[in-house]
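A.B. asks: Here it is, the structure in full.
Just so it is clear, none of the values below were taken in a lab; they were calculated from the coordinates. None of the values given here were measured: they were computed from a predicted structure. Cβ placement follows ideal geometry from the backbone for every residue including glycine, while neighbour counts extend to all protein chains displayed.
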Amino acid sequence: RAKKGADGANGASSALQQEILRELEESMNGEAKGIVGDEADEKHVCLNVLKAGKIYAFVDLFYLTHRGNTQLPALDPSKVIYVSETLQKAEELEAKRDYVAVYDKFRELAEYFRRVGE
């Protein structure tokens with residue numbers, strides 16, 4: 001049975017989140033059997049961002065690493081960790097309502113992509 005937390009919220013939501021993360025991780029591990037190198041690492045970085053609860057950083061990182069059939073260049077796998085950490089930091093700063101610092105983080109990313117030509 002789900003217990004109510006200190007804030008009165010139902011623990012069922014947390015249990016559901018844990019179940020979704022477990023299923024996602026199992027699915028990704030199954031996928032990773034046929035994947036080697038950088039692509040598997042990208043998936044694990046994305047999963048770790050999601051596990052950390054950084055939903056907006058996950059969405060941004062997902063779109064940068066899964067550009068599909070667009071004409072945009074794929075994100076270089078060697079840059080995934082840097083981009084992930086910067087997006088997560090921006091999300092943490094936004095939660096603290098430090099919008100100037102959030103702007104600075106996104107500007108830092110924009111300048112980084114401009115420098116490397118992506």
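A.B. asks: With the requirement that a residue be surrounded by 14 or more Cβ atoms within 10 Å (Cβ to Cβ) and of a type in the set (Ser, Thr, Tyr), what does segment 56-114 give you?
C.D. replies: Tyr56, Thr65, Ser84, Thr86, Tyr112
A.B. asks: Pairs only if they're at least six apart or on different chains, beta carbon under 6 angstrom, first in segment 63-79 and closer than 19 Å to Leu50 by Cβ, second in a helix (DSSP H, G or I); list them, first residue then second.
C.D. replies: What qualifies is Thr65/Glu42; Leu75/Leu64; Leu75/Thr65; Pro77/Asp38; Pro77/Glu42.
A.B. asks: From the list Lys79, Lys51, pick out the single residue that is of a type outside the set (Phe, Trp, Tyr) and under 10 Å from the mean Cα position of the chain (by Cα).
C.D. replies: Only one candidate passes the filter, namely Lys51.
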